[in-house]
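The values are calculated or read from the model by the stated rules, or taken from the named source; none is laboratory data. It should be emphasised that the depicted structure is a prediction, and the values quoted were computed from it without experimental measurement. Note that we place each Cβ from the backbone using ideal geometry, even for glycine, and neighbour counts take in every protein chain shown.
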Amino acid sequence: MGLLSDPVRRRALARLVLRLNAPLCLLSYVAGIAWFLALAFPPLTQRTYMSENAMGSTMVEEQFVGGDRARMFARDFAAYRRKSGALPVAWLERTMRSVGLEVYTQSFSRKLPFPDETHERYMVSGTNVYGILRAPRAASTESLVLTVPCGPDSTNSQAVGLLLALAAHFRGQIYWAKDIIFLLTEHDLLGTEAWLEAYHDINVTGMQSSSLQGRAGAIQAAVALELSSDVVTSLDVIVEGLNGQLPNLDLLNLFQTFCQKGGLLCTLQGKLQSQDWTSLDGPLQGLQTLLLMVLRQASGRPHGPHGLFLRYGVEALTLRGINSFRQYKYDLVAVGKSHHTFYGILDAYHALELWMQLHETGMGPEEDGGSPRPSTFLLPSQGVGLASLVAPLLISQAVGLALYILPVMGQHVATQHFPVSEAEAVVLTLLAIYAAGLALPHNTHRMMTAQALDRGWMALKLVALIYLALQLGCIILTNFSLGFLLAATMVPTAVLTKPHGPRPLYAALLVLTSPAAMLLGSLFLWRELQEMPLSLAEGWQLFLSALAQGVLEHHTYGSLLFPLLALGLYPCWLLFWNVLFWK
Amino acid sequence: MAATYVLKHSATTLAAFLFLSFVSSAASHIEDQAEQFFRSGHTNNWAVLVCTSRFWFNYRHVANTLSVYRSVKRLGIPDSHIVLMLADDMACNPRNPKPATVFSHKNMELNVYGDDVEVDYRSYEVTVENFLRVLTGRIPPSTPRSKRLLSDDRSNILIYMTGHGGNGFLKFQDSEEITNIELADAFEQMWQKRRYNELLFIIDTCQGASMYERFYSPNIMALASSQVGEDSLSHQPDPAIGVHLMDRYTFYVLEFLEEINPASQTNMNDLFQVCPKSLCVSTPGHRTDLFKRDPKNVLITDFFGSVRKVEITTETMSLQQDSEIMESSYKEDQMDEELMEPLKYAEQLPVAQIIHQKPKLKDWHPPGGFILGLWALIIMVFFKTYGIKHMKFIF
């Protein structure tokens, strides 16, 4: 208005920022990436430390002498399992009752949207068996869960044996203040999901399960065990859960402390904690572990039964015993001892619940958000109404919707006309719709009016950039790894897109940063970091199965990656594709 | 004949003389002992033992308090004169692997809970309000005798507190705090209501010395386990029970008290030496400026024990009224009538002292992000409004 201040001077600052727009964006992008990578290096990293000292985690000594008993149980379980082909429910009930638990069963069934080729199942039905050890002198208001997933392919019999032996040992102690639930689920995570839904009396994934006869109070923490061999060389701990959720960091630190105290070898992401921080090797290994964790968290898959517990506010971990070619091996006694002390400390969580109401959901050091902001554009001076942008938006969103709904809905039609199985049909339909979207720009022009054609692409790019920024902002708040990966790859190419200039180069860049290509690339990177590199053919196969798993997990567990990519990021990417091929 | 008569007479007189002197010396011995009764000025002992924590991982605070309780009982103070405030959730805690016991030593030699402990304020009754009411005596009429501190102006009171504390406060059961000023005011109320003769205040918490900084009433001696800025540390973890069993300061105080019996002549200066920095890691502190007597004349049993001033004798003796005291009190009465000095209340808040205190040297920290951001915003707005061209009017 210019009454009290000088409008010319005011605009000077804005003009300065606009002039330096491109360098500022580039600087913030580079700073974001550099800061994120620097997280692996000291002084930004922090070693394992307990943030709540009052838990007194290293003060309890306990004996566990049930190693032989655990092995015996494991052998029996394996034998009965082989005989019956499914979970030997009657034997389990008998054994748990003889050990002194209250035993209940739950049956569940589910018809998957299409047959699952990795696990070879379609119509799944099974029984979960669980036993409750009641706290001798406390009211059953809270409980802990020790769960062993028993799938048809994973022979987890040693874990079952350890669970039964631990139950027998725990029954003899009088100092439990929480109930302990020993849960055996059939069909891996499907059984766990059925049990959790029935326990909390909700139904989010369409599972049909019988209601639970016995309950034990609000679950405070859970540990899942996967042990397939009599001796282990190391214990791997898995923390990432469904949709990138993480348990309380102190739980992981507790586990690490016990490993150190008990002399067990414990790994994170399959890698040991590096001891050598002075030279460059230590930080580089830390960076590898960091990237592995980012990739796993971004995928949003539950990497173990614990991933499903996190949704209900239950802190959970999965422990996997690994038998590799190291010299020093541990037997079940050592693992059992660490479990006993672990559960003793988890029990003490109760007293801290009164003031630890907030959970830390992020792991690792904090960061000021590495997502750079996309640049802003001035609206073109010609009057390009926003009404003309509606058409491309609607069409892109419609393609996204088709990508979400059609593959599963149309699988039967596809199998009738083509010689493929249902799972392959779904995946191929997915890819087909995705590729068809690339052909859109040649058709949308028929919907546009002549006057809007010339500089309308700027408005479209503006809207697309705002849309991308909004989505990335929301994703980063819930799943930082996913948001970071998407931002780091999509934002530069999105910003660079324009109809003029070297079109093939921009097209190639844009395709490389499209959601599907990024999935492919991250698969290769993940295997590379795990030191198991893939050839192209293997990679492609893995990619196809990853697509199928993604769709399945969305339908069975409620994983959000598939709808996010199909309904959110893919339409946004299509808008940029439209901008690129503007005529 | 006369010589033997004289000799016999002298012998009897000598015997009589010796007998008389013996009797008189015996009488004066009894009188000395009777004089000793009034050496310290107190006639009864009370103890207020407070544990301000609850929950399983604060086991050591309860063990501290119960051990002091046992020592004090052993040295003679009966349960009727002890006000014990505990959360009392250790012995029957579901996590206790040895139910109905509280141990203070890791070999589990001594169960300080026993079966004859009398807890007066337990569980959620241990609040700041109840504690202050106990001290000041402002208690509802329905309170039972066991919950009252029925002290008079000839009582020596031992107050022992343990728990989690900070600089100037003590945490009560995770829900409230008592500040050092409140405590000092409570003691002043006790003084004005003539509820104590002498008071010994012992505190075993982190930064315990801050709790006795503000006392201003006479006849108070205070001991603390650590100075301001220091943490008091715990002594032994017990792997079978899984918690720390005792705090260091209290452990060494109890070791010291084990050598005390009701007849000991050990004085307070020895108690001040307990737990040096090499054993305790923190630096114990004490405060004696408000105390009228010299600490080396104060016996431990004056506070920790209830020495009953009873002597059994078959003699009769007459107590002389101490003429000096009579005259001085008579003179005081007369003086009061003449002078009528204006009475004034004790200084509740010595503002003059506070204002003229030297400011504490704090470490300089560079200004934080918020302050920098605020200043950056202010400067930006300033320049945006007035433009850069105005800068030359400033510089």
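Details
- When B:SER123, B:SER146, B:SER80, B:SER155 are screened for being among the hydroxyl-bearing types (Ser, Thr, Tyr) and touching a Phe, Trp or Tyr at 6+ places or on another chain (Cβ under 9 Å), only B:SER155 passes.
- The residues of the range A:137-176 that are crowded, with 22+ Cβ neighbours inside 10 Å and under 23 Å from the mean Cα position of the chain (by Cα), listed by number, are A:LEU144, A:VAL145, A:LEU146, A:THR147, A:VAL148, A:PRO149, A:CYS150, A:ASN156.
- Test set (1) surrounded by 13 or more Cβ atoms within 10 Å (Cβ to Cβ); (2) in a loop (DSSP other than H, G, I, E, B) - B:ALA100 fails condition number: (1)
- Residue pairs whose Cβ atoms lie under 8 Å apart, separated by 6 or more positions or on different chains, with the first residue in the range A:1-23 and more than 10 Å from chain B (Cβ to nearest Cβ) and the second surrounded by 10 or more Cβ atoms within 10 Å (Cβ to Cβ) and β-branched (Val, Ile, Thr), are A:ASN21/A:THR376.
- When A:PRO441 is tested against (1) of a type outside the set (Ser, Thr, Tyr); (2) at pLDDT below 85; (3) surrounded by fewer than 16 Cβ atoms within 10 Å (Cβ to Cβ); (4) within 19 Å of A:ALA516 (Cβ to Cβ), only condition (3) is not met.
- A:LEU92 within 31 Å of the chain's Cα centre (by Cα), at pLDDT 90 or above and farther than 27 Å from A:LEU249 by Cα: no
- Residue that is at pLDDT below 95, in a loop (DSSP other than H, G, I, E, B) and under 25 Å from B:ARG60 (Cα atoms), where the choices are B:SER232, B:SER217, B:SER210: B:SER232
- Odd one out for B:ILE159, checked against (1) touching a strand residue (DSSP E or B) at 6+ places or on another chain (Cβ under 6 Å); (2) within 14 Å of another protein chain (Cβ to nearest Cβ): (2)
Conditions tested, residue by residue: (1) farther than 26 Å from A:LEU574 by Cβ; (2) in contact (Cβ under 8 Å) with a residue 24 or more places away in the chain; (3) surrounded by 20 or more Cβ atoms within 10 Å (Cβ to Cβ).
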site	(1), (2), (3)
A:ARG527	yes, no, no
A:LEU534	yes, no, no
A:TRP540	no, no, no
A:HIS555	no, yes, no
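- When the range B:166-179 is limited to residues that are small (Gly, Ala, Ser) and more than 20 Å from B:GLU125 (Cβ to Cβ), the one that is nearest to the chain's Cα centre (by Cα) turns out to be B:GLY168.
- Single condition A:VAL390 does not satisfy, out of (1) under 20 Å from A:LYS498 (Cα atoms); (2) among the β-branched types (Val, Ile, Thr); (3) at pLDDT 90 or above: (3)
- Within the range B:274-318, the set of residues being assigned to a loop (DSSP other than H, G, I, E, B), under 14 Å from the mean Cα position of the chain (by Cα) and of a type in the set (Gly, Ala, Ser) comprises just one member, B:GLY305.
- Residue in the range A:228-250 that is in a helix (DSSP H, G or I), more than 18 Å from the chain's Cα centre (by Cα) and modelled with pLDDT of 85 or more present: yes
- Figure legend. Inter-residue proximity from the range B:78-101: first residues more than 8 Å from chain A (Cβ to nearest Cβ), second residues acidic (Asp, Glu), beta-carbon distance below 8 Å, spacing 6+ or different chains. Indicated pairs: B:ASP79/B:GLU118; B:ILE82/B:GLU118; B:ILE82/B:ASP120; B:VAL83/B:ASP120; B:LEU84/B:GLU118; B:LEU84/B:ASP120; B:MET85/B:ASP120; B:MET85/B:GLU125.
- Pair list, Cβ < 7 Å and 6+ apart or interchain, from the range A:127-148 residues that are within 13 Å of another protein chain (Cβ to nearest Cβ) and in contact (Cβ under 8 Å) with a residue 60 or more places away in the chain to residues that are buried (at least 18 other Cβ atoms within 10 Å of the Cβ) and polar (S, T, N, Q): A:GLU142/A:GLN220
- Condition broken by A:TRP195, with the remaining ones in (1) in a helix (DSSP H, G or I); (2) under 30 Å from B:MET90 (Cα atoms) satisfied: (2)
- Selection within the range B:260-297 - small (Gly, Ala, Ser) and loosely packed, with under 14 Cβ neighbours inside 10 Å: B:ALA263, B:SER278
- Restricted to the range A:465-560, the set of helices (runs of 4 or more DSSP H) holding at least 1 residues that are among the basic types (Lys, Arg) and closer than 30 Å to A:ARG311 by Cα comprises A:515-529.
- Test: residue in the range A:197-215 that is in contact (Cβ under 8 Å) with a residue 24 or more places away in the chain and within 14 Å of chain B (Cβ to nearest Cβ): no
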